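Novice: Right, I'll just put the structure down here and ask away after.
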Amino acid sequence: MWIEDDLKSVDRSKTPWLLVGVHRMFYCDSSDYRSDDDGDQTMAVRMRASLEDLFNEFKIDAMFFGHMHAYARTCPTYKNQCKPSKGEQSTGALNTLNGNTTTVYYEPSAPIYFLIGNAGRQVGTADFLEDPQPAIYANINLRYGYQRLRANATHLIAEAVESPSGYIMDAVTIVKNNETAPAPPSKHDLVQGALSNLTRDAFTQPLQLPGALSDLTSAIKG
């Protein structure tokens, strides 16, 4: 298989991050054309059966999908289950529609899946996820935006940016070669972060100011 040959050819000492992009989603609970031969459910099952074990064997770090016009991000996932990391830190409303989240995974043991179909065409409803939303999805957003990636040898940062405000809907950092998770952020860091969000919200998301003020108050009291 050419995909396997490509994966074998990657020297991870020179290319530490292994990312895969395809059009159709691996995981979706879509109601669109459920019974059709090329429906979302049917295609997802076939793709996982053909490729999920292979990608897990070669320890890919993340996959990026389109097809559905929304944004979504999973936990480190294998066989439809969240898999452990050496450490994890999260803030925000996880598994909530249109929530804002920040997560750091230390040495995750499975890939993280990103749906980044929320640019361009009209953003649709979350019909790719029926209620209740699957537990593997940490962030689901129906706001226009795009994905921004930054990486070095040990850190990969993926940010879901709302257009046109620049608001970060979801931020994920994957850390490699880190035996232990660092200490939790200090009170100073929390206050500075809350102040940054408050300043940003004042110009970009005025309806979210009460939440930003609450975060700042909590950081100061903490």
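Values in this text are rule-based calculations from the coordinates and carry no lab data. A quick note: this is a predicted structure, and the numbers were derived from the prediction, not measured. With ideal geometry, Cβ positions are generated from the backbone for all residues, glycine too; neighbour counts draw on all protein chains shown.
Novice: Using θ = phi - 60° and the Karplus form 6.51 cos²θ - 1.76 cosθ + 1.60, what ³J(HN,Hα) does each residue of the range 46-60 get, whole Hz, x for Gly and Pro?
Specialist: Coupling constants for the range 46-60: 5, 5, 5, 4, 7, 10, 4, 5, 4, 5, 5, 4, 8, 6, 5 Hz.
Novice: Another one. Stretched out fully, how many nm does the piece from Thr42 to Lys59 gain, at 0.36 nm a residue minus the Cα gap? List each step's numbers first, then the result.
Specialist: Details: separation 17, 0.36 × 17 = 6.12 nm, distance 2.49 nm.
Separation in residues times 0.36 nm, less the Cα-Cα distance, equals 3.6 nm.
Novice: Got a sec? How would Tyr146, Tyr137 order by Cβ neighbour count within 10 Å, fewest to most?
Specialist: The most exposed by this proxy come first: Tyr146, Tyr137.
Novice: Let me ask another. Quick one: putting +1 on the C-beta of Lys and Arg, -1 on the C-beta of Asp and Glu, what dipole do you get for the range 49-118 around its Cα centre, in Debye to the nearest 20?
Specialist: 140
Novice: Still on this structure, please answer the following. What ranking of Asp53, Asp40, Asp11 emerges when the number of other C-beta atoms within 10 Å of each C-beta is taken as an exposure proxy, fewest first? Each step should come with its number before you reach the end.
Specialist: Numbers: Asp53 12, Asp40 21, Asp11 7.
Least to most surrounded, the residues fall as Asp11, Asp53, Asp40.
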